[in-house]
1. Please verify whether residue 84 is open to solvent by less than 70 Å² (accessible area, probe 1.4 Å) and either hydroxyl-bearing (Ser, Thr, Tyr) or under 21 Å from residue 13 (Cβ atoms) (or both), treating the condition exactly as stated.
2. Please verify whether the stretch 96-104 includes one or more residues that are in contact with a Leu (Cβ under 9 Å, 6 or more places away or on another chain), β-branched (Val, Ile, Thr) and part of a strand (DSSP E or B).
3. Of all residues in the stretch 66-82, how many are touching a His at 6+ places or on another chain (Cβ under 8 Å) and within 9 Å of the ligand (Cβ to nearest atom)?
4. The conditions are (1) touching a residue at least 12 places away in the same chain (Cβ under 8 Å); (2) closer than 17 Å to residue 69 by Cα; (3) not acidic (Asp, Glu), and residue 45 fails exactly one of them. Which is it?
5. Applying the selection to the stretch 39-65, what residues are within 13 Å of the ligand (Cβ to nearest atom) and within 22 Å of residue 6 (Cα to Cα)?
6. Could you please find all residues in the stretch 15-45 being assigned to a loop (DSSP other than H, G, I, E, B) and open to solvent by 50 Å² or more (accessible area, probe 1.4 Å)?
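The values are calculated or read from the model by the stated rules, or taken from the named source; none is laboratory data. All of these numbers come straight from a predicted model, not from anything done at the bench. Every residue, glycine as well, gets a Cβ built from its backbone with ideal geometry; the counts of neighbours run over all protein chains shown. In case anyone asks, the SASA skips ligands and DNA or RNA and just uses the protein heavy atoms, side chains included. Shrake-Rupley method; radii C 1.70, N 1.55, O 1.52, S 1.80 Å.
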Amino acid sequence: MSHICLVTDIQDGQAKAYPYKDRDLIVVRRGLNVYGYVNRCPHAGTDLNWQDDQFMTDDEQYLMCFTHGALFEPETGKCVAGPCAGAHLSEVSLEVENGKVYLAG
Ligand code: FES
């Protein structure tokens with residue numbers, strides 16, 4: 001398993017990017033749970049963020065694509081508003097063991 005980070009490296013409710021293949025991996029933290037997605041918007045294929053690690057809406061309820069404003073559920077990657085509503089971010093399975101985040105498999 002490939003080690004990514006510690007759960008506590010990410011502020012609760014926030015997300016961070018880590019190198020992953022040819023795109024970044026977004027790791028979102030919700031309490032002790034983490035969710036991983038490829039940093040590629042299903043609408044036009046851009047990165048979601050426009051500044052380092054700026055992925056969340058101000059209320060921390062959604063990941064947001066800053067290109068055209070699509071909103072994504074942190075727990076599922078589903079787009080719930082914006083030009084690609086109903087589409088999904090590409091999920092990357094993660095595992096947590098002793099507070100450390102790994103790529104699954
Ligand atoms: S590229 Fe993300 S909403 Fe258009």
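1. Numbers: open to solvent by less than 70 Å² (accessible area, probe 1.4 Å): yes; either hydroxyl-bearing (Ser, Thr, Tyr) or under 21 Å from residue 13 (Cβ atoms) (or both): no.
No; evaluated as a whole, the condition is false for this residue.
2. Filtering the stretch 96-104 for residues in contact with a Leu (Cβ under 9 Å, 6 or more places away or on another chain) gives 96, 99-104.
From what is left, the residues that are β-branched (Val, Ile, Thr) are 96, 101.
Checking the rest, the ones that are also part of a strand (DSSP E or B) come to 96, 101.
The answer is yes; a qualifying residue exists.
3. 5
4. Of (1) touching a residue at least 12 places away in the same chain (Cβ under 8 Å); (2) closer than 17 Å to residue 69 by Cα; (3) not acidic (Asp, Glu), only one is false for residue 45: (1).
5. Of the residues in the stretch 39-65, the ones within 13 Å of the ligand (Cβ to nearest atom) are 39-50, 55, 62-65.
Within the stretch 39-65, 39, 49, 55, 62, 63 qualify.
6. Here is the first cut: in the stretch 15-45, the ones assigned to a loop (DSSP other than H, G, I, E, B) are 21-22, 31-32, 39-45.
Matches in the stretch 15-45: 21, 22, 32, 40, 43, 44.
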